[in-house]
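Participant: Just passing along the structure, written as structure tokens.
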Amino acid sequence: MGENSSPRRIRADAERSTARILEAAETVLAADATASLERIADAAGLARATVHRRFASRTALLDALAEQLSQRYLSGLAEARVKTAPPLVALHRLTEIVFDLKLCHRFAVQLTAALTPAVLDGLDLLFARLRDTGAITAVDPAWCRQVYLALLHEVHELPTDSPTLASPALASSATADETEAKINLLVRTTLGALGGGSLGATALHSPASAASGDVRPVDHGS
């Protein structure tokens, strides 16, 4: 039993060290993207040799950060149920999750390697379902995804005192905070940009309608 437990303990120690390194790397690199492995080791409270054993180079560490975030994106897509939930509800829930990830992974979200084909496919599926239910009229899911990601960056970077965030239309409740206002702004703006017309407001202020999937395409010819 002792012989079997020793390798397990070694693996557990290695996993804990790796988690500490990645957590420290996220914090240090968010403040200084040029920080060295040595600075990250100091922040993690580990010997520099330990960090170099886990990650032979800075590139290897960045790859690990991207992979970690990619897995969390995939978990977010699953949690938002982009395959089965009413698509407007899934879009809103996914946006909440992504904003949380942007707060926790301020450096890693800049790594395009985190947007793996599996992540992009999940986003494309969601926008295809939004199109099929009439929530948007744009026909190319890949284009829709690019619009969403571009708007995500712009909305996230809005300053707290931005007049755009003060709009009463973005408050889904009397206690809505800045993050909720940004989430609502992104959903509304994305839907509007992709031909959803007034459906952004419907999804924001009529959750029951969005949850039931009772949305109808806007007649742009009227």
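The values are calculated or read from the model by the stated rules, or taken from the named source; none is laboratory data. What you are looking at is a predicted structure, and each value in this text was computed from that prediction instead of being measured. Cβ sites come from the backbone with ideal geometry, for glycine too, and all protein chains shown count toward neighbours. Heavy atoms of the whole protein, side chains included, go into the accessibility calculation; ligands, DNA and RNA do not. Shrake-Rupley method; radii C 1.70, N 1.55, O 1.52, S 1.80 Å.
Participant: Give me a count of the residues in region 59-78 that are under 12 Å from G122 (Cα atoms) and open to solvent by 30 Å² or more (accessible area, probe 1.4 Å).
Facilitator: Number satisfying all stated conditions: 4.
Participant: Filter region 33-58 down to the residues that are open to solvent by less than 40 Å² (accessible area, probe 1.4 Å), in contact (Cβ under 8 Å) with a residue 24 or more places away in the chain and among the aliphatic types (A, V, I, L, M) and list them by number.
Facilitator: Those that are open to solvent by less than 40 Å² (accessible area, probe 1.4 Å), in contact (Cβ under 8 Å) with a residue 24 or more places away in the chain and among the aliphatic types (A, V, I, L, M): L37, A44, L46, V51.
Participant: Does D124 count as assigned to a helix (DSSP H, G or I), open to solvent by less than 40 Å² (accessible area, probe 1.4 Å) and of a type in the set (D, E)?
Facilitator: yes
Participant: Got a sec? Which helices (runs of 4 or more DSSP H) wholly within region 1-119 have at least 2 residues that are aliphatic (A, V, I, L, M) and modelled with pLDDT of 95 or more?
Facilitator: 2-31, 37-44, 58-80, 87-104
Participant: What pairs can you find where one residue is in region 141-169 and more than 18 Å from L115 (Cα to Cα) and without any contact (Cβ under 8 Å) to a residue 40 or more places away in the chain, the other is part of a loop (DSSP other than H, G, I, E, B) and open to solvent by 30 Å² or more (accessible area, probe 1.4 Å), and their Cβ atoms are less than 8 Å apart, with a gap of 6+ or different chains?
Facilitator: From region 141-169, the pairs are T164/L158; L165/L158.
Participant: Please state which of the following conditions S172 fails to meet, knowing it meets all the rest: (1) modelled with pLDDT of 50 or more; (2) closer than 14 Å to L88 by Cα; (3) surrounded by 15 or more Cβ atoms within 10 Å (Cβ to Cβ); (4) of a type in the set (G, A, S).
Facilitator: With respect to (1) modelled with pLDDT of 50 or more; (2) closer than 14 Å to L88 by Cα; (3) surrounded by 15 or more Cβ atoms within 10 Å (Cβ to Cβ); (4) of a type in the set (G, A, S), S172 is out only on (2).
Participant: Can you give me the number of residues within region 141-161 that are among the hydroxyl-bearing types (S, T, Y) and open to solvent by less than 70 Å² (accessible area, probe 1.4 Å)?
Facilitator: Residues in region 141-161 being among the hydroxyl-bearing types (S, T, Y) and open to solvent by less than 70 Å² (accessible area, probe 1.4 Å): 1 in total.
Participant: Consider region 77-96. How many of its residues are of a type in the set (S, T, N, Q) and either touching a Ser or Thr at 6+ places or on another chain (Cβ under 7 Å) or without any contact (Cβ under 8 Å) to a residue 60 or more places away in the chain (or both)?
Facilitator: Number satisfying all stated conditions: 1.
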